[in-house]
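For reference, the structure is listed below as structure tokens.
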């Protein structure tokens, strides 16, 4: 900030997550993810797999009820738009990755998709440890990595404190931010994706600064209660509200990657300890969403046969946006992911083994909501619903 932004353009490769909520009769927003928003590649593969399964089982007429998913192509298109905006022939796209990448299948498909769409663009992968010795700033603050000028930096790491084990990693992040490369996300977009900003956007009058009235109404219809825990009267009221009924809320820190939220009686213990401490401002309080529950089979490693469970599905919508403080160059929705898990499980990580990749199956619901009719039988009445 002191020296001024060298690159005002930011690339957002986003996933916004939702639950279907019976009590609300609509969907409710869980959170917005702005860094390392995963599963666009594997979600597309999962949809293809489910269509194949329907075909093998003799239900070819129902394959169109699994909607087309172009999440992988869309995320790669966002990267290419950013590369074009940088406009330096021969520049590369840099994937910043973990030293040991468990989710490499989802990541590498992005690289392959960039190649399919634009064979002349090269993607390189480097960890923080490698970049400490290979990254530098060149002329006009171009980011140079191992002799390559970098047009776009795509972070698959950098969202958790343990990704910065020393001051050297923080200095590396600063070096990249000071560069002319277009970042996904830039530090300003990264900060805009925090839970605190999500909570502030729910305050009356805030969305009106950015959106038209009709858009504000649509967005607000997706919000659940989000409350500040600042050291003021509103924060004190939220603390007392949570202590009185902890099972109605979830306590969220400014963290990404899963496994960080606090639920139930643990909320009461945490807030009782932090009630008079500024440390409580590191969290926000969110109304606990009660999602729609339905029977579903989950197939998971180490669990033998498929399990029939009462499951909930979390729908993630992918999109990309490229812009600066003055102009939006592109802003597109590009696909989805659906992750199902047992309703008894609070965390839903796929790699952690709690949940499983899934696909939405579209049905046509009668106008009175009394029953479903398959779109495969030619009945086009009613409204399309997610099953």
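Every number in this text was worked out from the coordinates using simple rules, so none of it is lab data. Note that the structure is a prediction, hence the values are computed from the model and not measured. Quick reminder, even Gly has a Cβ in these numbers, built from the backbone with ideal geometry, and neighbours come from all protein chains shown.
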Paramagnetic reach from residue 344 (point 7 Å along Cα→Cβ, amide N under 14 Å) across segment 295-329: 307-312
Cα extents of the chain along the three principal axes, largest first (Å): 66, 58, 48
Rounded Å value of the spacing that divides the Cα centres of segment 31-109 and segment 242-270: 31 Å
Fraction of beta bridges assigned by DSSP in segment 13-171 that are antiparallel (%, nearest 5): 55 percent
Sum of -39500 (n - 2.57) over DSSP H runs of 4+, divided by residues of the chain (222 nm, nearest 500): -8500 deg cm²/dmol
Whole-Å semi-axes of the ellipsoid equivalent to segment 84-151 (Cα gyration tensor, √5λ, descending): 21, 18, 7
Cα→Cβ-extended label distance, 7 Å offset, between residue 137 and residue 231, nm: 3.5 nm
Projected label distance in nm at residue 326 and residue 260, using a 7 Å step from Cα toward the beta-carbon: 3.4 nm
Estimated FRET transfer efficiency when R0 is 35 angstrom, pair residue 130-residue 200 (beta carbons, to 0.05): 0.45
For segment 283-339, alpha-carbon Rg and Dmax in angstrom: 18.2, 54
Extension gain (nm, one decimal) between residue 300 and residue 162, 0.36 nm per residue minus Cα-Cα: 46.9 nm
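For 170, 365, 83, what ranking results if the residue with the fewest other Cβ atoms within 10 Å of its Cβ goes first?
Ordered by Cβ neighbours within 10 Å, fewest first: 170, 365, 83.
Give me the extension gain from residue 292 to residue 175: residue separation times 0.36 nm, minus the current Cα-Cα distance, reported in nm with one decimal.
37.6 nm
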Residue 61 paired with residue 365, simple spin-label distance in nm, labels 7 Å along Cα-to-beta-carbon: 2.4 nm
Estimated FRET transfer efficiency (residue 122, residue 351; beta-carbon r; R0 22 Å; 0.05): 0.20
